[in-house]
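*Asks:* Below is one structure. I have some questions about it.
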Amino acid sequence: MPTQYISFKETGYFSNLICDYLAQDPKLTPFYNRYPTLENFKLQLEEKKKSFPKKNRDVLVKSLQEQYNTLKPSAKTVQHINSLTEENTFTVVTGHQLNLFTGPLYFLYKIVSTINLAKKLQEQYPENTFVPVYWMATEDHDFDEINFFNFRGKKFQWQGPNSEGSGGAVGELPTNGLENVFELFKKELGIGENAETLKKWFQDAYLNHDNLTNATRFLADKLFGENGLVIIDGADKNLKQLFVPFMEKELFEQESQKAVSETIEKLNHADASYKIQVNPRDINLFYLKKGLRERIVEVDGRYQVFETDISWSKEELKKHLEEYPERFSPNVMTRPLYQEVILPNLCYIGGGGELAYWLELKEFFKQNSIPFPMLLLRNSALVATEKQAKKLEKLNISFQQLFLKRASFINKKVREISDIDINFNKQKEHLVKQFEEMYRLAELTDKSFLGAVKAQEVKQLKGLEHLEKRLLKAQKKKLSDQVSRMTDLQNELFPNESLQERTDNFANLYDEFGDKLIKTLLSELDPLKQEFVVITM
């Protein structure tokens with residue numbers, strides 16, 4: 001069965017904000033720089049080229065070379081890193097947390113989108129070089145969000161070093177305790193060439209590296225290094241040094257809070273249904289030390305690390321920032337600016353939630369005289385086996401129907417396959433017409449009867465609805481075998497009644513398809529074809 005496409009809006013899984021953005025609704029135009037089309041990248045290239053200093057390129061390349069000193073990167077990755085010193089080299093970036101064994105499937109889709117966009121830009125603008133970059137969120141601290149993955153319906157969870165999580169940056173976490181996860185995962189995998197590859201990747205990444213940053217870099221490189229992916233860790237003193245002037249401004253002028261808050265108000269005014277993803281703080285920086293990542297607050301003219309005894313005067317803090325920039329960590333509001341300061345970047349590729357908070361930031365970027373990148377929704381996909389596709393065909397179920405919520409899906413299919421008509425709409429219409437005559441008579445005789453007529457109409461319509469539901473329930477029971485098969489299929493492809501990409505780990509598919517999985521994703525996912533993709537393998 002060939003690859004199919006479904007509009008994001010039709011899936012029912014994407015917000016009004018994202019659907020409006022994809023439709024290029026004019027009310028969202030003020031909140032982004034340029035919509036991501038191949039033609040629009042020409043102006044973005046020119047803007048970024050003028051504003052990105054040579055010094056930043058040199059620091060970037062030196063830092064990346066140091067970060068890769070524990071790996072043997074592919075020739076293409078080395079070439080990409082070295083090319084970043086040239087003024088005609090640009091990046092496209094995606095970012096993601098350090099989820100255990102990559103976490104949900106969409107980690108792969110993010111990176112494939114990034115690699116494929118770089119390829120498209122290379123074809124369109126061959127005089128430049130385009131580098132796909134994965135930004136590791138090493139300074140995040142939400143351990144519970146990243147310490148598990150789902151395989152064959154089971155949750156494989158890491159309790160953390162010494163059975164505890166960490167209050168500090170997750171990238172620093174030692175990989176102690178992951179041998180226990182490996183043993184359980186190994187047993188579940190069983191035997192076979194693909195299973196052995198997955199075991200080796202897990203072992204080499206997590207049991208042979210000392211912390212989560214190095215483990216994640218190794219695994220991402222193993223999966224995508226041959227495609228020239230460059231992996232960057234922002235927790236780097238030299239890179240942070242480039243960001244010092246912006247952090248100083250954030251600490252002492254605190255303009256971001258005002259700029260972003262005003263943008264949020266405008267977004268609310270544009271459409272009240274838009275869900276605001278992130279609200280800014282007065283100071284949008286964290287302070288980092290071993291086991292500590294806590295926000296910085298200003299209290300009575302002094303600056304302190306929240307809920308600690310660490311504090312500074314303004315001059316002390318300025319000096320500390322200059323000496324130890326690596327101890328200051330951008331939060332969700334300032335990390336995008338940090339990324340654009342240290343990378344010659346053209347486009348950020350993210351999920352719906354990420355794009356929602358990026359749309360809050362344009363004015364903040366303008367205040368700091370940094371070009372606002374183009375924003376591209378990552379590819380989303382559902383991967384089905386040929387066997388599953390044949391079962392769907394036999395049951396006369398379309399992929400579009402699978403996106404319905406469980407109850408709606410089953411009710412719709414039972415109505416379709418039932419040998420009797422379970423739709424009482426005609427009877428309801430007939431009843432409404434009968435009551436129109438009753439209303440006319442009440443008007444002519446005694447208007448006080450109108451309420452009684454209305455009550456009787458509502459009662460009889462509810463009675464028909466009740467009968468319809470009972471009949472539907474009876475038919476479900478009669479067709480229980482078909483209902484069970486339909487439900488099982490939807491469960492397989494939409495585990496926990498959610499999108500496959502948000503639940504399953506890539507190992508579920510790699511165990512069956514091996515290297516064909518990533519090759520297929522690279523060939524089928526077009527980052528600029530903004531539709532949900534259904535792939536049958």
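The values are calculated or read from the model by the stated rules, or taken from the named source; none is laboratory data. Just so we're clear, the structure is a prediction, and the values are computed from it rather than from any experiment. With ideal geometry, Cβ positions are generated from the backbone for all residues, glycine too; neighbour counts draw on all protein chains shown.
*Asks:* Inside region 482-537, counting only helices (runs of 4 or more DSSP H) that do not spill past its ends, which hold 2 or more residues that are over 17 Å from the mean Cα position of the chain (by Cα) and farther than 30 Å from TYR21 by Cβ?
*Replies:* Hits in region 482-537: 507-513, 516-524.
*Asks:* For region 1-47, which residues satisfy the criterion of being under 25 Å from the mean Cα position of the chain (by Cα) and among the basic types (Lys, Arg)?
*Replies:* LYS9, LYS27, ARG34
*Asks:* Any idea how many residues of region 296-313 are exposed (fewer than 13 other Cβ atoms within 10 Å of the Cβ) and of a type in the set (D, E, K, R)?
*Replies:* 3
*Asks:* Still on this model: Could you give me the residue pairs with C-beta distances under 8 Å whose first residue belongs to region 209-232 and is at positive phi, whose second residue is buried (at least 20 other Cβ atoms within 10 Å of the Cβ) and not polar (S, T, N, Q) wherever it lies, and which are 6+ apart or on separate chains?
*Replies:* Filtered contacts from region 209-232: GLY228/HIS80; GLY228/ILE115; GLY228/ALA118; GLY228/VAL131; GLY228/PRO132.
*Asks:* Restricting to region 376-399, count the residues that are closer than 19 Å to THR37 by Cα and out of contact with any Cys (no Cβ under 7 Å at 6 or more places or on another chain).
*Replies:* Residues that pass the stated criteria total 4.
*Asks:* Further question: Give the number of residues within region 7-30 that are part of a helix (DSSP H, G or I) and under 23 Å from SER380 (Cα atoms).
*Replies:* Adding up the residues that qualify gives 12.
*Asks:* For TYR5, only one of the following conditions fails: (1) under 29 Å from GLU127 (Cα atoms); (2) surrounded by fewer than 19 Cβ atoms within 10 Å (Cβ to Cβ); (3) not polar (S, T, N, Q). What is its number?
*Replies:* (1)
*Asks:* While we're looking at this one, here's another question. I'm trying to understand the selection: among the residues of region 490-519, which are more than 16 Å from GLY192 (Cβ to Cβ), surrounded by fewer than 19 Cβ atoms within 10 Å (Cβ to Cβ) and not acidic (Asp, Glu)?
*Replies:* Hits for region 490-519 are ASN491, PRO495, ASN496, SER498, ARG502, THR503, LYS519.
*Asks:* A further question on this structure: Among the helices (runs of 4 or more DSSP H) lying completely within region 200-298, list those that include at least 2 residues that are touching a Leu at 6+ places or on another chain (Cβ under 8 Å) and over 30 Å from LEU522 (Cβ atoms).
*Replies:* In region 200-298, 237-252, 255-270 are the helices (runs of 4 or more DSSP H) which contain 2 or more residues that are touching a Leu at 6+ places or on another chain (Cβ under 8 Å) and over 30 Å from LEU522 (Cβ atoms).
*Asks:* Here is a follow-up. Residues in region 502-518: is at least one among the β-branched types (Val, Ile, Thr) and either at pLDDT 95 or above or within 12 Å of TYR109 (Cβ to Cβ) (or both)?
*Replies:* There is at least one residue in region 502-518 that is among the β-branched types (Val, Ile, Thr) and either at pLDDT 95 or above or within 12 Å of TYR109 (Cβ to Cβ) (or both).
*Asks:* For region 219-251, how many residues meet the condition of being closer than 17 Å to TYR338 by Cα and either of a type in the set (A, V, I, L, M, F, W, C) or within 21 Å of the chain's Cα centre (by Cα) (or both)?
*Replies:* Matching residues across region 219-251 total 12.
*Asks:* Within region 69-93, how many residues are buried (at least 19 other Cβ atoms within 10 Å of the Cβ) and farther than 16 Å from PRO344 by Cβ?
*Replies:* Total meeting the criteria: 2.
*Asks:* Please work out which one of (1) closer than 30 Å to PHE14 by Cα; (2) out of contact with any strand residue (DSSP E or B) (no Cβ under 7 Å at 6 or more places or on another chain); (3) buried (at least 18 other Cβ atoms within 10 Å of the Cβ) is the condition SER261 fails and give its number.
*Replies:* Result: SER261 fails condition (3) only.
*Asks:* I would also like to ask the following. Test each condition in (1) surrounded by fewer than 18 Cβ atoms within 10 Å (Cβ to Cβ); (2) at pLDDT 95 or above; (3) not in a strand (DSSP E or B) for LEU60 and report the one that comes out false.
*Replies:* So the condition that LEU60 fails would be (1).
*Asks:* For GLN401, indicate whether it is at negative phi and modelled with pLDDT under 95. Even if it seems obvious, please write down each step before you answer.
*Replies:* Values: at negative phi: yes; modelled with pLDDT under 95: yes.
So GLN401 passes the test.
*Asks:* So how many residues does region 69-85 have that are in contact with a strand residue (DSSP E or B) (Cβ under 7 Å, 6 or more places away or on another chain) and either within 21 Å of PHE372 (Cα to Cα) or among the charged types (D, E, K, R) (or both)?
*Replies:* Number satisfying all stated conditions: 1.
*Asks:* Can you tell me which condition TYR303 does not meet? The list is (1) assigned to a strand (DSSP E or B); (2) in contact with a Pro (Cβ under 8 Å, 6 or more places away or on another chain), and all the others hold.
*Replies:* Exception for TYR303: condition (2).
*Asks:* Quick check on my filter: what residues within region 231-245 are touching a strand residue (DSSP E or B) at 6+ places or on another chain (Cβ under 9 Å) and over 20 Å from ASP204 (Cβ atoms)?
*Replies:* If the condition is that a residue be touching a strand residue (DSSP E or B) at 6+ places or on another chain (Cβ under 9 Å) and over 20 Å from ASP204 (Cβ atoms), then ILE232, GLY234, ALA235, LEU239, LYS240, PHE243, VAL244 are the ones that fit.
*Asks:* Kindly list, by first and then second residue, each pair from a residue in region 10-27 that is farther than 25 Å from GLN500 by Cα to a residue that is surrounded by fewer than 18 Cβ atoms within 10 Å (Cβ to Cβ), limited to pairs with Cβ atoms under 9 Å and residues at least 6 apart or on different chains.
*Replies:* Pairs that qualify, where the first residue is farther than 25 Å from GLN500 by Cα and the partner is surrounded by fewer than 18 Cβ atoms within 10 Å (Cβ to Cβ), are GLN24/TYR35; ASP25/CYS19; ASP25/ASP271; LYS27/ASP271.
*Asks:* Another question, then. Could you list, in sequence order, the residues of region 31-45 that are in contact (Cβ under 8 Å) with a residue 12 or more places away in the chain, aliphatic (A, V, I, L, M) and assigned to a helix (DSSP H, G or I)?
*Replies:* Residue satisfying the conditions is LEU45 alone.
Conditions tested, residue by residue: (1) among the hydroxyl-bearing types (Ser, Thr, Tyr); (2) more than 29 Å from LEU212 (Cβ to Cβ); (3) free of Cβ contacts under 8 Å to residues at least 12 places away in the same chain.
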position: THR3; (1), (2), (3): yes, yes, no
position: GLU47; (1), (2), (3): no, yes, no
position: LYS50; (1), (2), (3): no, yes, yes
position: GLN79; (1), (2), (3): no, no, no
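*Asks:* Looking only at region 173-188, count every residue that is under 27 Å from the mean Cα position of the chain (by Cα) and assigned to a helix (DSSP H, G or I) and tell me the total.
*Replies:* Summing the residues that are under 27 Å from the mean Cα position of the chain (by Cα) and assigned to a helix (DSSP H, G or I) in region 173-188 gives 4.
*Asks:* Across region 308-335, which residue is farthest from LYS237 (Cα to Cα) among those that are of a type in the set (Asp, Glu) and without any contact (Cβ under 8 Å) to a residue 60 or more places away in the chain?
*Replies:* If we take residues in region 308-335 being of a type in the set (Asp, Glu) and without any contact (Cβ under 8 Å) to a residue 60 or more places away in the chain, then ASP309 is farthest from LYS237 (Cα to Cα).
*Asks:* OK, next. Do we have ILE535 as touching a strand residue (DSSP E or B) at 6+ places or on another chain (Cβ under 6 Å) and closer than 29 Å to ASN227 by Cα here? Before you say what the answer is, go through the steps one by one.
*Replies:* Numbers: touching a strand residue (DSSP E or B) at 6+ places or on another chain (Cβ under 6 Å): yes; closer than 29 Å to ASN227 by Cα: yes.
Here the answer is yes, as ILE535 does meet what is asked.
*Asks:* Then there is this: Looking only at region 429-484, filter to residues that are more than 30 Å from LYS391 (Cα to Cα) and β-branched (Val, Ile, Thr); which one of those is modelled with the highest pLDDT?
*Replies:* VAL458
*Asks:* Within region 145-172, work out how many residues are in contact with a helix residue (DSSP H, G or I) (Cβ under 7 Å, 6 or more places away or on another chain), at negative phi, modelled with pLDDT of 95 or more and not in a helix (DSSP H, G or I).
*Replies:* Summing the residues that are in contact with a helix residue (DSSP H, G or I) (Cβ under 7 Å, 6 or more places away or on another chain), at negative phi, modelled with pLDDT of 95 or more and not in a helix (DSSP H, G or I) in region 145-172 gives 8.
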